[in-house]
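To keep things clear, I will list the structure first and then write my remarks on it.
The values are calculated or read from the model by the stated rules, or taken from the named source; none is laboratory data. None of the values given here were measured: they were computed from a predicted structure. Cβ placement follows ideal geometry from the backbone for every residue including glycine, while neighbour counts extend to all protein chains displayed.
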Amino acid sequence: MAKSRASENPESRFSAVLVSVANLPGVRIDREAYLRSALARYCTEDEIRAAIEETPAAAGIPLHILDKAADASINYETSKAGALSAAAGMPGIFALPVTVPTDMAQYMSHMLRIAQKLAYLYSWPDLLSTDTDDLDDATKGVLTLFVGVMFGTQSANSAVGQVSNMMAKQVAKKLPRKALTQGVVYPIVKKVAAYLGVEMTKQTFAKTVSKAIPVVGAVVSGGLTLATSRPMAKRLKKHLSGLELANPARRTMDGDAMDEDIAHGDARDSATERTEPSPA
């Protein structure tokens, strides 16, 4: 009975999907390999090495260069997501029980891939480095907020900005775990996850309808995926590129001690929680 209630809870439903998709093959982005590949056309070897060892901001790589690399990654991921969604729509209504869950997993996997790529370009720390890493609560919280930004939720924008400011202020290369799992940001993560759980259900229904007719459903589904995923990725890019963490020439260092400072500020910041609006 408790398990049934959990499955009906939008927050739990989204969190379960997030964890499952993050563990699928090919979803996790190797930060070092990605930065080397994404920056190879625009930067010197010394700049790339500095970006990997520190961050692109600390390496002094201009934002317009990072934006070019980000646009290339967005185009690649969203085009691939659209093509796979179209392929999933080919069988028509008789394959719906298989194709819709598969298509939703593909859709979410590309969202997580582009979220990681944009995070690394705009100087966020390593999130999912290897296939053997567990998805800890802090990482799950940040990824939830990133997806929330993609969906246009104002509270997710605010929370990501808070986390970025914490890291920039403390010149840290690690996520503020206490703030994300216990402190001021945690209630916002839970609220955003619940909102996304509802939106995920709506999208599942929309994709079910779009796939009902073979071939036509493939065109509609692929077009719908491309039309929605690209603006969502652009929205995250715009938000991350405008944060203090992405400023060029920012120096970084490990900052485990920052959690203690953040914990003291949780009470002061608790008024920042907002009610979720519908995305524009």
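Numbers at a glance
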item: Answer residue from segment 57-73, given it is over 20 Å from the mean Cα position of the chain (by Cα) and in a loop (DSSP other than H, G, I, E, B) and is surrounded by the most Cβ atoms within 10 Å (Cβ to Cβ) among those; result: 61
item: Which listed residue is touching a residue at least 60 places away in the same chain (Cβ under 8 Å), more than 19 Å from residue 114 (Cβ to Cβ) and hydrophobic (A, V, I, L, M, F, W, C), from 38, 57; result: 57
item: Every residue from segment 32-56 that is part of a helix (DSSP H, G or I) and either at pLDDT below 95 or surrounded by fewer than 21 Cβ atoms within 10 Å (Cβ to Cβ) (or both); result: 32, 33, 34, 36, 37, 45, 46, 47, 49, 50, 52, 53
